[in-house]
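To start, the structure under review is shown below, and the notes come after it.
The values are calculated or read from the model by the stated rules, or taken from the named source; none is laboratory data. Remember, it's a predicted structure, so these values are computed and weren't measured experimentally. Please note: Cβ atoms are built from the backbone with ideal geometry, for glycine as well, and neighbour counts cover all protein chains shown. Protein only, heavy atoms only, side chains kept; ligands, DNA and RNA dropped before computing areas. Shrake-Rupley method; radii C 1.70, N 1.55, O 1.52, S 1.80 Å.
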Amino acid sequence: MSGDCLFCKIAEGALSTEFLLATDHLVAFRDLHPVAPSHILVIPKKHISSLADLEADDQSLMGEMMLAIGQLAEQEGLESGFRVVVNTGPDGGQSVHHLHFHLLGGRSLTWPPG
Ligand code: AMP
């Protein structure tokens, strides 16, 4: 838990957020401002500020997160495809400084992103 971190509070259940998936190491919940019919955030319970702050010890945690994303995509019925986004740093458009994977699906997504 890191001091004032919103996603640390969500991960510890302090905000009564409904979890689509919760394990010892991660939780998944719907984005408050969805930009696609399915817009889920997957976060580690451990506070990691961004993808740029990962350490070698986080390797198996990241593997668990990727597998969770696949499981959530299946749960959401995203057979025709989905996108996973990790906004990182100011140029990456990161607004919450606790690592999170956006799982987006349920519509055809365009490329390149803005
Ligand atoms: P990013 O801009 O990549 O840092 O993404 C942060 C995301 O967190 C945004 O898509 C927000 O809509 C989402 N968000 C912020 N507060 C909450 C909350 N309390 N519950 C769910 N999603 C949130």
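Taking the protein heavy atoms of segment 6-105 in the context of the full set of protein chains, the accessible area attributed to carbon and sulfur is 53 percent at 1.4 Å. Note that the chain presents 59 Å² accessible area per residue, ligands and nucleic acids not counted, probe 1.4 Å.
Remark: the chain carries a charge dipole of roughly 320 debye about the Cα centre, counting +1 on each Lys and Arg Cβ and -1 on each Asp and Glu Cβ. The long axis of helix 59-75 is offset from the longest Cα principal axis of the chain by roughly 40 degrees. Enclosing the Cα atoms of the chain in their convex hull gives a volume equal to 112 cubic angstrom per residue. For segment 6-105, build the charge dipole from Cβ charges (+1 Lys, Arg; -1 Asp, Glu) around the Cα centre, then report which of ALA14, HIS25, LEU72 sits farthest towards its positive end. It is ALA14.
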